[in-house]
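Read through the structure below, which is laid out as structure tokens, and then see the notes.
The values are calculated or read from the model by the stated rules, or taken from the named source; none is laboratory data. Keep in mind that this is a model prediction, so the values were computed, not measured. Note that each Cβ is placed from the backbone with ideal geometry, even for glycine, and that neighbours are counted across all protein chains shown. Note: areas computed on protein heavy atoms with side chains; ligands, DNA, RNA excluded. Shrake-Rupley method; radii C 1.70, N 1.55, O 1.52, S 1.80 Å.
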Amino acid sequence: MNKTLSLKQEIAYAAGMIGWSTMTNIIIVMLPYFYLPPSNAGLPPLVPQLVLLGAFNILSIIAASGRLVDAIYDPFIASRSDASTNKNGRRMPFMKWAIVPAMIFCGLVFYPIQKTESLHNAWWLTITLCLFFISVTTYIIPYNALLAEVTNTPRQKVKLSSYQQVGFVIGIILSACTNNFADLVEANFHLDNRSEAIQAAIWGLCILSGLVMLLPVFFINEKEFTVAKPTHVPLWPAIKNTFKNSNFKYYLISDFAFYTALSIISSGLLFFCTVLLGLPESEGGKFMGAMVIASLLFYPLVNFGSVKIGKKPFVLLAFGVLCLIFVTIFFLGKLPIGPYTQIYILVLSASFPLAALGILPTAILADIAQKDTLKTGENHEGMFFAVKYLFVKLGQTLGIAIFAMLTIYGKDPGNDYGLRLNGVVGFGLCLIALLFFSRFKEEK
């Protein structure tokens, strides 16, 4: 049996997820708010609200174009990582060189060429988003493939996935608090320009992200924990092999639907708070923090319960709860209770799905990849995670695009129907996820 990670190394591994999650969620949370803000945000719109074919506005097309480039690049980097013969390992060398470009391009996304509404900003945003997605993909695909290689048992996979999920939700909290950090910048550096305060806060978060992404590289010697050999299956046959696994297909569709729905919530959080409930924008980070802290209480239940009764029942229950949460979003601000009560009921209800769907899917996929390796004799864990994260990122992009498209039908106080429609779409997506994952066959 291979050597196992120490607690310090497990924490270092999870820290890598904090950086990736923070930067990726800054894009999800802040991009619509920064470039197409609501009328009460105190920010100028930076790209025209042009509508094509009656549904697609320019921001949704930009987000989709960035992910299209990423979609082509994902399997390429997975194939290169799986086939690597680098003496330092198949994963760490890629991760190390991706960190600085990811930091730089994440920051540049929020530095438009002009400070007013302009098509030049649209082109700049398209280029910087593409370069950010390519950089961060070069880190996350090898990083996630490593999980299947440094764990030996299903229990270890769930445990490391739990630590990884803690890192992911810390990243969500940090990104959701961008406006809170911007408040601190304004107060301490006496900035009067809100856009510049947000930019400074984002640069600070990017630097922090880069530092924590270095921790796995420093603390884990890949060669000590994995004896996996480079795979010799060419790129396209390797992709097709993953889709021959029926369990993986059900997993993939439900995961895609979930991340699309999650992206809608993340993109809309500031709008739901400020427009539907009339609360200050800085409250968004507090609500996200409350949700994550509450989700930590469910971690022991999910860990021990999944070992006793299996992972599938917890995943299905989580999708069911999310369906109810999205129905509630449609009625936010119209319920006969105070706005703070409404939002806290919503975020606390989301804490169980956040725990279950954060921990279990990664562990499930590591099981799928490991069983496939035993069956085929080929180590292409990276390809399974590449296909998963390709669909995660497509889902995140579709979520941003759906949210941006629905703003056409109202995103301002008194004209908010587009924001409410996100609840209807999110309900449909979570129902799809539940139905497809119900067909997943879990081995007892």
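Data table
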{"read-out": "Accessible surface, per residue, of the stretch 1-232 when the full set of protein chains is kept, probe 1.4 Å, Å²", "value": "40"}
{"read-out": "Theoretical gain in end-to-end length, residue 249 to residue 328 [0.36 nm per residue, Cα-Cα removed]", "value": "25.4 nm"}
{"read-out": "Rounded to the nearest 10 Å², the accessible area of residue 137 at probe 1.4 Å", "value": "0"}
{"read-out": "Whole-percent carbon and sulfur share, accessible surface of the chain, 1.4 Å", "value": "70"}
{"read-out": "Surface accessible to a 1.4 Å probe, residue 421 within the full protein complex, Å²", "value": "40"}
{"read-out": "Ellipticity estimate at 222 nm from DSSP helix runs (n ≥ 4, -39,500 (n - 2.57)) divided over the chain, nearest 500", "value": "-25500 deg cm²/dmol"}
{"read-out": "Order by protection proxy (mean Cβ within 10 Å, highest first), peptides 115-122, 164-171", "value": "164-171, 115-122"}
{"read-out": "Under-5 Å amide H pairs with residue 281, H placed in peptide plane, nonlocal only", "value": "none"}
{"read-out": "Solvent-accessible area per residue, Å², over the stretch 271-315 with all protein chains present [probe radius 1.4 Å]", "value": "40"}
{"read-out": "Convex hull projection area averaged over all views, the chain, Cα basis, nm²", "value": "20.1"}
{"read-out": "Order of exposure, largest accessible area first, which applies to 77, 113 with probe 1.4 Å", "value": "113, 77"}
{"read-out": "Exposure ranking of 314, 105 by accessible area [1.4 Å probe, largest first]", "value": "105, 314"}
{"read-out": "Set 96/371; 249/334; 96/308 screened for pairs whose C-alpha atoms are more than 32 Å apart", "value": "249/334; 96/308"}
{"read-out": "Order by protection proxy (mean Cβ within 10 Å, highest first), peptides 280-289, 258-267", "value": "258-267, 280-289"}
{"read-out": "The chain, dipole about Cα centre (Lys/Arg Cβ +1, Asp/Glu Cβ -1), debye to the nearest 20", "value": "1460"}
{"read-out": "Estimated inter-spin distance, residue 184 and residue 417, nm [label 7 Å along Cα→Cβ]", "value": "4.2"}
{"read-out": "Span-like helix ranges in the chain, DSSP H, alpha carbon extent 27 angstrom or more, Kyte mean at least -1.0", "value": "7-35, 58-82, 119-150, 154-176, 194-219, 246-271, 312-330, 351-376, 381-406, 417-437"}
{"read-out": "³J(HN,Hα), Karplus 6.51/-1.76/1.60, whole Hz, each residue of the stretch 40-47, x for Gly, Pro", "value": "9, 8, x, 10, x, x, 10, 10"}
